[in-house]
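Q: This is the structure I want to talk about, given as structure tokens.
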Amino acid sequence: MSTNTAIAGRTREEMAQRLARDIPNGSYVNLGIGIPELIARFVPEGRTFVYHTENGLLGMGPSPEAGAGDPELINAGKRHVTAMPGAAYFHHADSFAMIRGGHLDLSVLGALQVAQHGDLANWSTGEPDAIPAVGGAMDLVAGVKHVYVITQHTTKTGAPKLVESCSYPLTGRGVVDRVYTNLAVIEVTPEGFRVVELSPGVDFDTVQNHTGATLLRPSGDPNDE
Amino acid sequence: MIDKRVSSAADAVADVFDGATIMIGGFGEAGSPVELIHALIDQGASGLTVISNNTGSGEVGLAALLKARRVTKVVCSFPRTANSTVFPELYREGFTELELVPQGTLAERIRAGGAGVPAFYTPTAVGTPLAEGKESREFDGREYLLEHGLTADFALIKGRVADAHGNVIYNKTARNFGPPMAMAARVAIVQAERVVDPGGLDPESVVTPGIFVERVVEIATPVHESELVAAGVSYP
């Protein structure tokens with residue numbers, strides 16, 4: 001593993017745009033806080049996604065203009081949002097029935113660590129003095145049909161976030177389907193992480209060097225073992 | 001004649017007793033019944049268990065109730081906020097205990113409590129530290145955890161319009177935990193911007209039916225928690 005932090009690859013916006021390309025038209029989507037929120041800016045032409053926010057709104061729209069916010073119309077990150085035509089409000093038990101009951105198509109989340117068989121750690125670094133807080137992440141990964149993680153490939157200090165097994169407390173076991181990073185798009189398979197696509201200008205060995213687990217090459221790659 | 005109207009927030013919370021379990025609605029500031037919480041601070045009950053998604057911000061509303069050292073336990077999904085040190089300090093000091101519950105499990109435990117369901121199985125948190133000590137069972141090859149319903153002595157809820165029978169409608173994402181909490185509390189207390197006579201709400205639009213609500217109090221122009229926090233207000 002390398003400690004080189006100046007890695008090439010996609011910007012946060014390009015990562016979000018790349019992920020948005022993989023969301024089918026008409027999907028019901030829950031976007032987590034942080035990089036996942038950027039995805040709403042990059043909906044491909046001709047597609048409509050319906051955004052769910054777990055505090056009780058389906059059909060969430062973009063932030064209002066400065067000063068036009070309503071303190072009782074917010075998203076899960078507690079920021080002001082708007083409601084699109086066709087939106088619906090509902091209470092928390094119904095909102096999580098949508099999540100846990102498998103009614104949402106996609107949950108996009110950030111991560112502290114993802115393990116090669118799809119375990120996700122994204123709520124706690126397990127430090128003894130930290131105030132534990134979990135929110136809705138465990139419900140999302142347990143219930144939504146597909147779970148995509150969008151994250152930088154490594155931590156700020158260069159430690160890999162894609163690992164053989166998570167050292168941080170888990171959010172869910174075997175729940176992640178795909179990981180979109182600055183370096184690659186990676187699929188979680190029964191055999192482990194498989195690179196689906198390398199970011200422009202990034203080669204396989206660079207991704208491998210920044211990953212804490214053995215990567216499988218893209219399907220059809222002549223170097224496939 | 002049924003009339004659940006009470007004349008003030010103080011009257012609405014007058015019988016809250018030491019050691020009571022209280023559900024408090026709201027997700028962040030949206031739906032936080034700040035006037036009822038402030039009345040509860042004035043009323044003085046202590047040793048409370050509070051069931052709420054968050055732990056408040058600044059030093060008003062729920063954070064002020066905590067800061068007044070009235071709450072010895074919180075049942076909560078996300079007790080961290082960017083702009084409050086009240087709960088972290090009480091937690092580290094050991095004064096306020098925390099039962100951390102995933103948000104959807106919290107909502108469903110409250111709904112179940114209100115629906116007469118003592119416990120249920122959920123896939124949430126399987127394989128995580130929050131599964132420790134919980135019964136688990138497999139259904140169709142998948143593992144689930146047993147979670148218990150939650151009930152409370154009181155609930156404090158913010159609505160938009162209520163009627164004298166206790167029917168309530170809410171405002172946008174301020175609805176959040178209000179409806180399930182009204183079901184799960186023995187005494188559900190709702191503050192609303194308008195309280196109308198029976199017939200003043202369209203029965204088709206009622207979100208919380210009046211059978212779940214014991215008291216309604218009109219708070220015509222409720223404060224917004226974020227404005228108080230921005231102004232540096234500390235209650236009382």
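The values are calculated or read from the model by the stated rules, or taken from the named source; none is laboratory data. Just so it is clear, the structure is predicted and the values come from calculations on it, not from any experiment. Please note: Cβ atoms are built from the backbone with ideal geometry, for glycine as well, and neighbour counts cover all protein chains shown. Ligands, DNA and RNA are stripped out before the accessible areas are found, and what is left, the full protein with its side chains, is counted by its heavy atoms. Shrake-Rupley method; radii C 1.70, N 1.55, O 1.52, S 1.80 Å.
Q: Could you count how many residues in region A:31-58 are open to solvent by less than 50 Å² (accessible area, probe 1.4 Å) and farther than 19 Å from residue A:14 by Cα?
A: 9
Q: Moving to a separate point now. Let me confirm something: among B:94, B:28, B:61, which residue is on the phi > 0 side of the Ramachandran plot and within 9 Å of another protein chain (Cβ to nearest Cβ)? Don't jump to the end; show me each part of the working.
A: Numbers: B:94 fails: within 9 Å of another protein chain (Cβ to nearest Cβ); B:61 fails: within 9 Å of another protein chain (Cβ to nearest Cβ).
B:28 is the lone residue from the list that is on the phi > 0 side of the Ramachandran plot and within 9 Å of another protein chain (Cβ to nearest Cβ).
Q: Within region A:140-160, how many residues turn out to be polar (S, T, N, Q), more than 19 Å from residue A:187 (Cβ to Cβ) and open to solvent by less than 10 Å² (accessible area, probe 1.4 Å)?
A: Residues flagged as polar (S, T, N, Q), more than 19 Å from residue A:187 (Cβ to Cβ) and open to solvent by less than 10 Å² (accessible area, probe 1.4 Å) within region A:140-160 amount to 0.
Q: If we keep just the residues of region B:76-92 that are part of a loop (DSSP other than H, G, I, E, B), without any contact (Cβ under 8 Å) to a residue 60 or more places away in the chain and open to solvent by 50 Å² or more (accessible area, probe 1.4 Å), which is farthest from residue B:179 (Cα to Cα)?
A: B:85
Q: Taking region B:177-212 as the region of interest, how many residues are on the phi < 0 side of the Ramachandran plot and either among the small types (Gly, Ala, Ser) or open to solvent by less than 30 Å² (accessible area, probe 1.4 Å) (or both)? Full working, then the answer.
A: Pass one, region B:177-212, residues on the phi < 0 side of the Ramachandran plot: B:177-198, B:200-212.
With the extra rule that they be either among the small types (Gly, Ala, Ser) or open to solvent by less than 30 Å² (accessible area, probe 1.4 Å) (or both), the set shrinks to B:177-182, B:184-185, B:187-192, B:195-196, B:200-201, B:205, B:208, B:210.
Total satisfying the criteria: 21.
Q: Please report, ordered by residue number, the strands (runs of 3 or more DSSP E) entirely within region B:145-236 with at least 1 residues that are of a type in the set (S, T, N, Q). Quick ask: steps written out before the conclusion?
A: Numbers: elements: B:152-158, B:161-163, B:185-192, B:194-196, B:215-218.
Output list reads B:185-192.
Q: Separate question: Pull up region A:190-206, narrow it to residues that are in contact with a Gly (Cβ under 9 Å, 6 or more places away or on another chain) and open to solvent by less than 50 Å² (accessible area, probe 1.4 Å), then point me to the one that is farthest from residue A:35 (Cα to Cα).
A: In this case the residue turns out to be A:206.
Q: Restricting attention to region A:170-178, does a residue exist that is touching a residue at least 60 places away in the same chain (Cβ under 8 Å) and of a type in the set (Gly, Ala, Ser)?
A: No, that holds for no residue.
Q: Can you tell me which of B:192, B:184, B:155, B:220 is closer than 22 Å to residue B:5 by Cβ and in contact (Cβ under 8 Å) with a residue 60 or more places away in the chain?
A: Values: B:192 fails: in contact (Cβ under 8 Å) with a residue 60 or more places away in the chain; B:184 fails: closer than 22 Å to residue B:5 by Cβ; B:220 fails: in contact (Cβ under 8 Å) with a residue 60 or more places away in the chain.
Matching residue, one of B:192, B:184, B:155, B:220: B:155.
Q: Test each condition in (1) more than 10 Å from chain B (Cβ to nearest Cβ); (2) under 20 Å from residue B:129 (Cβ atoms); (3) among the charged types (D, E, K, R) for residue A:100 and report the one that comes out false.
A: Residue A:100 satisfies every listed condition except (1).
Q: Something else now. All but one of (1) open to solvent by less than 10 Å² (accessible area, probe 1.4 Å); (2) under 21 Å from residue B:182 (Cα atoms) hold for residue B:125, so report the exception by its number.
A: Here residue B:125 meets the rest and fails (2).
Q: Quickly run through region B:39-60 and pick out the residues that are touching a helix residue (DSSP H, G or I) at 6+ places or on another chain (Cβ under 6 Å), crowded, with 23+ Cβ neighbours inside 10 Å and in a helix (DSSP H, G or I).
A: Correct list: B:39 only.
Q: All but one of (1) open to solvent by 30 Å² or more (accessible area, probe 1.4 Å); (2) within 14 Å of chain A (Cβ to nearest Cβ); (3) in contact with a Ser or Thr (Cβ under 8 Å, 6 or more places away or on another chain) hold for residue B:140, so report the exception by its number.
A: Of the numbered conditions (1) open to solvent by 30 Å² or more (accessible area, probe 1.4 Å); (2) within 14 Å of chain A (Cβ to nearest Cβ); (3) in contact with a Ser or Thr (Cβ under 8 Å, 6 or more places away or on another chain), the odd one out for residue B:140 is (3).
Q: Can you name the number of the only condition in (1) touching a residue at least 12 places away in the same chain (Cβ under 8 Å); (2) within 23 Å of residue A:17 (Cα to Cα) that residue A:45 fails?
A: Residue A:45 satisfies all of (1) touching a residue at least 12 places away in the same chain (Cβ under 8 Å); (2) within 23 Å of residue A:17 (Cα to Cα) except (1).
Q: Okay, next question. Can you pull out every residue in region A:178-218 that is of a type in the set (Gly, Ala, Ser) and outside any strand (DSSP E or B)? Reasoning before the result, please.
A: Going residue by residue through region A:178-218, those that are of a type in the set (Gly, Ala, Ser) are A:184, A:192, A:199, A:201, A:212-213.
Within region A:178-218, A:199, A:201, A:213 meet the criteria.
Q: Within region B:93-139, can you find the residues that are in a strand (DSSP E or B) and of a type in the set (Gly, Ala, Ser)? Steps first, answer last, please.
A: At the first step, the residues of region B:93-139 found to be in a strand (DSSP E or B) are B:97-100, B:119-122, B:136-139.
Once the filter is applied, which keeps residues that are in a strand (DSSP E or B) and of a type in the set (Gly, Ala, Ser), region B:93-139 yields B:119, B:136.
Q: Quick check on residue B:67: is it at pLDDT 95 or above and closer than 15 Å to residue B:24 by Cα? If you could, list the steps in order and put the result at the bottom.
A: Working: at pLDDT 95 or above: yes; closer than 15 Å to residue B:24 by Cα: no.
No.
Q: Would you please list the contacts, defined by Cβ atoms under 6 Å and residues six or more apart or on different chains, that run from a residue in region A:122-144 that is more than 22 Å from residue B:143 (Cβ to Cβ) and more than 8 Å from chain B (Cβ to nearest Cβ) to a residue that is open to solvent by 40 Å² or more (accessible area, probe 1.4 Å) and assigned to a loop (DSSP other than H, G, I, E, B)?
A: A:125/A:168; A:126/A:168
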